[in-house]
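The values are calculated or read from the model by the stated rules, or taken from the named source; none is laboratory data. Note that the structure is a prediction, hence the values are computed from the model and not measured. Neighbour counts are summed over all protein chains in view; Cβ atoms, including those assigned to glycine, are modelled from backbone coordinates with ideal geometry. The accessibility values were calculated without ligands, DNA or RNA, using every heavy atom of the protein model including side chains. Shrake-Rupley method; radii C 1.70, N 1.55, O 1.52, S 1.80 Å.
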Amino acid sequence: MEEVPLEAQRSQAPAPEAGAGSEARITVGSPDAMQELGRRLAGLLRPGDLVLLTGELGAGKTTLTRGLGEGLGVRGAVTSPTFVIARVHPSLTGGPALVHVDAYRLGGGLDEMEDLDLDVSLPESVVVVEWGDGKVEELSDDRLHVVIARAVGHEEVLDDVREVSVRGIGARWAAGAGLDALAGALSE
């Protein structure tokens with residue numbers, strides 16, 4: 001597989017949220033590079049991990065999740081679960097399943113999401129929630145929060161370029177749990 005070059009640098013500023021672990025900031029130049037970031041991030045994940053994805057429509061949340069699915073070796077094409085709310089992708093390699101949730105159409109908090117049984121799926125799966133801010137944080141004290149924003153340069157939006165912040169929250173991510181290595185691997 002051809003390496004997709006990505007720029008990365010570790011944020012030196014402390015994370016503002018109490019209990020935060022570490023943070024990596026990555027500039028991603030294309031959808032292929034976003035998918036590659038997902039594949040590399042998958043190498044850090046284990047059963048029980050909760051990943052929240054934040055970004056405007058078209059930012060690359062599903063593209064990143066597609067890369068996570070490839071990196072985890074799961075079955076099925078990872079596509080946006082907007083209309084079905086959640087999809088489960090079982091592992092083909094004996095690893096954790098990927099539970100991919102799109103909470104865009106869900107207005108309430110965790111109460112509205114109870115029917116999805118995410119708390120039951122979480123211990124043996126990697127749960128990724130698009131649009132999960134303010135809705136699923138109660139599922140786990142330990143989580144990754146990935147924020148994807150379109151890059152802006154000289155008063156113009158750079159079409160395919162995204163600024164990605166990967167922030168670990170809680171004891172699981174307190175020592176970075178590989179986020180430093182993620183940023184280092186992406187800058188090579």
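Is it the case that GLY69 is at pLDDT 90 or above and open to solvent by less than 50 Å² (accessible area, probe 1.4 Å)?
Numbers: at pLDDT 90 or above: yes; open to solvent by less than 50 Å² (accessible area, probe 1.4 Å): yes.
Here the answer is yes, as GLY69 does meet what is asked.
Filter the stretch 40-54 for residues that are open to solvent by less than 10 Å² (accessible area, probe 1.4 Å) and among the small types (Gly, Ala, Ser) and give the result.
Residue satisfying the conditions is ALA42 alone.
Matching residues to (1) touching a Lys or Arg at 6+ places or on another chain (Cβ under 6 Å); (2) polar (S, T, N, Q); (3) at pLDDT 85 or above; (4) surrounded by fewer than 18 Cβ atoms within 10 Å (Cβ to Cβ):
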{"position": "VAL84", "(1), (2), (3), (4)": "no, no, no, yes"}
{"position": "THR93", "(1), (2), (3), (4)": "no, yes, yes, yes"}
{"position": "LEU98", "(1), (2), (3), (4)": "no, no, yes, no"}
{"position": "VAL101", "(1), (2), (3), (4)": "no, no, yes, no"}
{"position": "GLY109", "(1), (2), (3), (4)": "yes, no, no, yes"}
{"position": "PRO123", "(1), (2), (3), (4)": "no, no, no, yes"}
{"position": "HIS145", "(1), (2), (3), (4)": "yes, no, yes, no"}
{"position": "GLU156", "(1), (2), (3), (4)": "no, no, no, yes"}
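LEU37: crowded, with 21+ Cβ neighbours inside 10 Å, part of a loop (DSSP other than H, G, I, E, B) and either of a type outside the set (Lys, Arg) or out of contact with any helix residue (DSSP H, G or I) (no Cβ under 9 Å at 6 or more places or on another chain) (or both), yes or no?
It is false that LEU37 is crowded, with 21+ Cβ neighbours inside 10 Å, part of a loop (DSSP other than H, G, I, E, B) and either of a type outside the set (Lys, Arg) or out of contact with any helix residue (DSSP H, G or I) (no Cβ under 9 Å at 6 or more places or on another chain) (or both).
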